[in-house]
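The values are calculated or read from the model by the stated rules, or taken from the named source; none is laboratory data. Since the structure is predicted, the reported quantities are computational estimates derived from the model, not experimental observations. Positions of Cβ are backbone-derived with ideal geometry, glycine not excepted, and every protein chain shown enters the neighbour counts.
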Amino acid sequence: MSNVKDILDLEKPIIFAHISGPNKTKLLVLKNILNTLKDRDDINLIISEGKPNGSINPKRIKNGWYYEWCPVRDEIFALSDLLIVRGGHSTLSQAILYGKPVITIPIENHGEQIGNARKVDKLGLGIMIRQNEIHKQLNDSIDLILLNDRYKDNMLKVKELAERLDGTKTIIDKINEY
């Protein structure tokens, strides 16, 4: 993790945009995020394109770093103040594990991601943005989450709840009851 810290200005919030999915939908979202946030010098922006077999060496962008493939994803999740994600179950589970609020940008017509994103929004764990609204809503959503502790506090409550659950023990207990 020290290598990641060495390339960031730790006085500024760290925003990790981890955008997955098919290139057809992913690349436009990445472009819109970059264009929308390019002039924000008040944040550290780290973007992961999620390109299998892509370069693991980050490229410098104006206010952060761009990975084709991020080999230190877990470390950046842990360091981040805010995550920008699609809204898949695994990624949201990891956000909960680290207690990080999220901005979800689900793939259009992707039922799981849209449902998860709506639930995140309803529970106050983050904000859902539609792909075609990135340029209108992303900056305000970032500011709202970073300036309002409610989102982080809610995510930390869910994290604490998840840490108390023991799925393996519950399954064993249910089997033994049978």
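Results for (1) in contact with a strand residue (DSSP E or B) (Cβ under 7 Å, 6 or more places away or on another chain); (2) not hydrophobic (A, V, I, L, M, F, W, C), shown as yes or no for each residue.
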{"position": "Ser55", "(1), (2)": "no, yes"}
{"position": "Cys70", "(1), (2)": "yes, no"}
{"position": "Arg73", "(1), (2)": "yes, yes"}
{"position": "Leu79", "(1), (2)": "yes, no"}
{"position": "Gly87", "(1), (2)": "yes, yes"}
{"position": "Ile96", "(1), (2)": "no, no"}
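Conditions tested, residue by residue: (1) closer than 22 Å to Lys31 by Cα; (2) modelled with pLDDT of 95 or more; (3) touching a Pro at 6+ places or on another chain (Cβ under 6 Å); (4) not in a loop (DSSP other than H, G, I, E, B).
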| position | (1), (2), (3), (4) |
| --- | --- |
| Ser90 | no, no, no, yes |
| Ile134 | yes, yes, no, yes |
| Asn154 | no, yes, no, yes |
| Ile172 | no, no, no, yes |
Scope the range 39-61; condition under 14 Å from Leu8 (Cβ atoms) and of a type in the set (Lys, Arg); matching residues: Arg60
Quick one: would you say Glu112 is in contact with a helix residue (DSSP H, G or I) (Cβ under 9 Å, 6 or more places away or on another chain) and of a type in the set (Asp, Glu)? yes
Looking at Ile105, Ile134, Ile96 in this structure, which one is touching a Ser or Thr at 6+ places or on another chain (Cβ under 9 Å) and not charged (D, E, K, R)? Ile134
Could you count how many residues in the range 117-167 are farther than 14 Å from Ser93 by Cα and in contact (Cβ under 8 Å) with a residue 40 or more places away in the chain? 12
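Okay, residues lined up against (1) surrounded by 20 or more Cβ atoms within 10 Å (Cβ to Cβ); (2) in contact (Cβ under 8 Å) with a residue 12 or more places away in the chain; (3) not in a helix (DSSP H, G or I):
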| residue | (1), (2), (3) |
| --- | --- |
| Asp9 | no, yes, yes |
| Asn35 | no, yes, no |
| Leu45 | yes, yes, yes |
| Asn53 | no, yes, yes |
| Ile76 | yes, yes, no |
Looking at the range 98-125, which of the residues that are polar (S, T, N, Q) and surrounded by 14 or more Cβ atoms within 10 Å (Cβ to Cβ) is farthest from Val158 (Cα to Cα)? Gln113
Name, by its number, the condition in (1) surrounded by 15 or more Cβ atoms within 10 Å (Cβ to Cβ); (2) within 21 Å of Asn32 (Cα to Cα); (3) basic (Lys, Arg) that does not hold for Arg130. (1)
